[in-house]
1. Quick one: count up the residues across the range 55-94 that are in a helix (DSSP H, G or I), open to solvent by less than 80 Å² (accessible area, probe 1.4 Å) and either among the β-branched types (Val, Ile, Thr) or over 29 Å from Ser154 (Cβ atoms) (or both).
2. Mind listing whichever residues of the range 6-29 are of a type in the set (A, V, I, L, M) and surrounded by 19 or more Cβ atoms within 10 Å (Cβ to Cβ)?
3. Answer yes if at least one residue in the range 168-188 is of a type in the set (A, V, I, L, M), surrounded by fewer than 19 Cβ atoms within 10 Å (Cβ to Cβ) and closer than 22 Å to Ile46 by Cα, and no otherwise.
4. Against the conditions (1) part of a helix (DSSP H, G or I); (2) under 22 Å from Lys28 (Cα atoms); (3) open to solvent by less than 50 Å² (accessible area, probe 1.4 Å); (4) not charged (D, E, K, R), where does Tyr47 fall short? Just the number, please.
5. I want to confirm something. Restricting to the range 95-127 and keeping residues that are part of a loop (DSSP other than H, G, I, E, B) and in contact with a Gly (Cβ under 6 Å, 6 or more places away or on another chain), which single residue is least open to solvent (accessible area, probe 1.4 Å)?
6. Can you tell me how many residues within the range 155-186 are touching a strand residue (DSSP E or B) at 6+ places or on another chain (Cβ under 7 Å) and modelled with pLDDT of 90 or more?
7. Just to verify a result, which residue in the range 201-245, among those that are of a type in the set (D, E, K, R) and within 17 Å of Gly165 (Cα to Cα), is most open to solvent (accessible area, probe 1.4 Å)?
8. Of the residues that sit in the range 128-153 and are open to solvent by 10 Å² or more (accessible area, probe 1.4 Å), β-branched (Val, Ile, Thr) and in contact (Cβ under 8 Å) with a residue 40 or more places away in the chain, which one is nearest to the ligand (Cβ to nearest atom)?
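The values are calculated or read from the model by the stated rules, or taken from the named source; none is laboratory data. Fair warning: this is a prediction, and the values are worked out from it, not measured in the lab. Here the Cβ positions follow ideal geometry from the backbone for every residue, glycine too, while neighbour counts run over all protein chains shown. Keep in mind that these areas ignore ligands, DNA and RNA; they rest on the heavy atoms of the full protein, side chains included. Shrake-Rupley method; radii C 1.70, N 1.55, O 1.52, S 1.80 Å.
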Amino acid sequence: MLTEYDLLRYRRQIFYPYLGEEGQDKLKQAHVVVAGAGGLGSPNAIYLAAAGIGRLTLIDDDVVSLSNLNRQILHYDEDVGREKVVSASEKLGRLNPAVQVRPLKVRITEKNVASLIAAADVVVDGMDNFETRLILNRACVDRGIPFIHGGVHSLMGEVTTLIPGKTPCFACLCQEIPEQEEEIPVLGPLPGMIACVQVMEAIKYLAGFGMLLAGRMLFIDGSDMTFSTIHIERAKNCPVCGGKS
Ligand SMILES: [Zn+2]
């Protein structure tokens, strides 16, 4: 149940009639896993915590480096060298002490992924590599958990909401793993924009209103501020979700 504190803290979003107190209570009951505490994961976690998501699990095995700070806005100059999940959970605890944050400094693997996302209502993709996304995707498909994909490169970004049995899964979209550069160019605001779209999707899904980016991929090109959406379909021969409905 919402407290007086909740009603005041989330007043401006509770005013939105399709969210309301009922939707806010759903956010409070929700458990979201944010995979990655970097360029996408930082703004993901900030907006999820600010929105009053009850439980956040933050997974990242890396430490903060100086070159992260142009975009990984949960980490400050003084955090260089610290574990990202520790730095992140400290800030989130100050932003919203009511949110239970579970920081996990661990690399996501095929072996541990099931336990990492076990109790999640939604998994938000803050990863920077295809291998881990595919591991998360398979686990989400197996458990019927929506996976909100986001990805960035230089001034380009993409986002879509992958709902098992209803939309393509990540493997449908990525049948071959493209070669990845060691370090990609990224301007900080772009992951911020993509992450904000991901969080809007998570909130809509959890509270049950609006139209999701389900079966649609949004592309944002920051160089000319073009926002375009394309229709995406399941791959019939998908090795992960093919045949599952
Ligand atoms: Zn698939």
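1. Going through the range 55-94, the residues in a helix (DSSP H, G or I) turn out to be 66-68, 77-79, 84-94.
Okay, now just the ones that are also open to solvent by less than 80 Å² (accessible area, probe 1.4 Å), so 67-68, 79, 84-89, 91-93.
After this cut, where a residue has to be either among the β-branched types (Val, Ile, Thr) or over 29 Å from Ser154 (Cβ atoms) (or both) as well, the list is 85-86, 89, 93.
Residues flagged as in a helix (DSSP H, G or I), open to solvent by less than 80 Å² (accessible area, probe 1.4 Å) and either among the β-branched types (Val, Ile, Thr) or over 29 Å from Ser154 (Cβ atoms) (or both) within the range 55-94 amount to 4.
2. Filtering the range 6-29 for residues of a type in the set (A, V, I, L, M) gives 7-8, 14, 19, 27.
Those that are of a type in the set (A, V, I, L, M) and surrounded by 19 or more Cβ atoms within 10 Å (Cβ to Cβ): Ile14, Leu19, Leu27.
3. The answer is yes, given that some residue of the range 168-188 is of a type in the set (A, V, I, L, M), surrounded by fewer than 19 Cβ atoms within 10 Å (Cβ to Cβ) and closer than 22 Å to Ile46 by Cα.
4. Every listed condition holds for Tyr47 apart from (3).
5. Let us first name the residues in the range 95-127 that are part of a loop (DSSP other than H, G, I, E, B), namely 96-99, 105-112, 118-121, 126-127.
Narrowing further to those that are in contact with a Gly (Cβ under 6 Å, 6 or more places away or on another chain): 126-127.
On the way: Gly126: 13, Met127: 32 Å².
Taking the candidates together, the pick is Gly126.
6. 16
7. Step one: filter the range 201-245 for residues of a type in the set (D, E, K, R), giving 201, 204, 216, 221, 224, 233-234, 236, 244.
In the following step, the residues that additionally are within 17 Å of Gly165 (Cα to Cα) were identified as 216, 233-234, 236, 244.
Working: Arg216: 70, Glu233: 125, Arg234: 77, Lys236: 195, Lys244: 92 Å².
In this case the residue turns out to be Lys236.
8. Val141
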